[in-house]
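The values are calculated or read from the model by the stated rules, or taken from the named source; none is laboratory data. In this text the structure is predicted, and so the values were computed from the model without any measurement. We place every Cβ from the backbone using ideal geometry, glycine too, and count neighbours over all the protein chains shown. The area values use the complete protein model at the heavy-atom level, side chains included, leaving out ligands, DNA and RNA. Shrake-Rupley method; radii C 1.70, N 1.55, O 1.52, S 1.80 Å.
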Amino acid sequence: MKAEEYTERQQEIDGWKVHIVTYRIGDRYYCTIDNVDPGARFARAEGDTREDVERTALEKARKHLAQTRRFPTG
């Protein structure tokens, strides 16, 4: 099978730049979210519609990012 309806974009969530990839294989949609630098994937979802998987993955991403500690630089 081949990925179809492939999209990728960058977005900011709570001050973090993230990279969102969504695609369809067969009748299932998949979404992955990683932080732009260094590119570690930390949220995934799969489901029947593009909207559902993106919403679920974004909810997971927000939850994980809210738990991430930030240290002041400089």
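Scan the stretch 20-37 for residues that are open to solvent by less than 50 Å² (accessible area, probe 1.4 Å), closer than 16 Å to Ala3 by Cα and aliphatic (A, V, I, L, M) and jot them down.
Ile20, Val21
Of the residues that make up the stretch 2-17, is at least one open to solvent by 50 Å² or more (accessible area, probe 1.4 Å), in contact with a Leu (Cβ under 8 Å, 6 or more places away or on another chain) and of a type in the set (Asp, Glu)?
Yes, some residue in the stretch 2-17 is open to solvent by 50 Å² or more (accessible area, probe 1.4 Å), in contact with a Leu (Cβ under 8 Å, 6 or more places away or on another chain) and of a type in the set (Asp, Glu).
Since Ala40 meets every condition but one in (1) over 16 Å from Ala61 (Cβ atoms); (2) surrounded by fewer than 16 Cβ atoms within 10 Å (Cβ to Cβ), which condition does it not meet?
Against the list (1) over 16 Å from Ala61 (Cβ atoms); (2) surrounded by fewer than 16 Cβ atoms within 10 Å (Cβ to Cβ), Ala40 comes up short only on (1).
Can you go through Ala57, Ala61, Ala45 and tell me which one is surrounded by 10 or more Cβ atoms within 10 Å (Cβ to Cβ) and outside any helix (DSSP H, G or I)?
Ala45
Condition check: out of contact with any Ser or Thr (no Cβ under 8 Å at 6 or more places or on another chain), acidic (Asp, Glu) and modelled with pLDDT of 95 or more. Does Glu54 satisfy that? First the steps, then the outcome.
Working: out of contact with any Ser or Thr (no Cβ under 8 Å at 6 or more places or on another chain): no; acidic (Asp, Glu): yes; modelled with pLDDT of 95 or more: yes.
Judged against the criteria, Glu54 is not a match.
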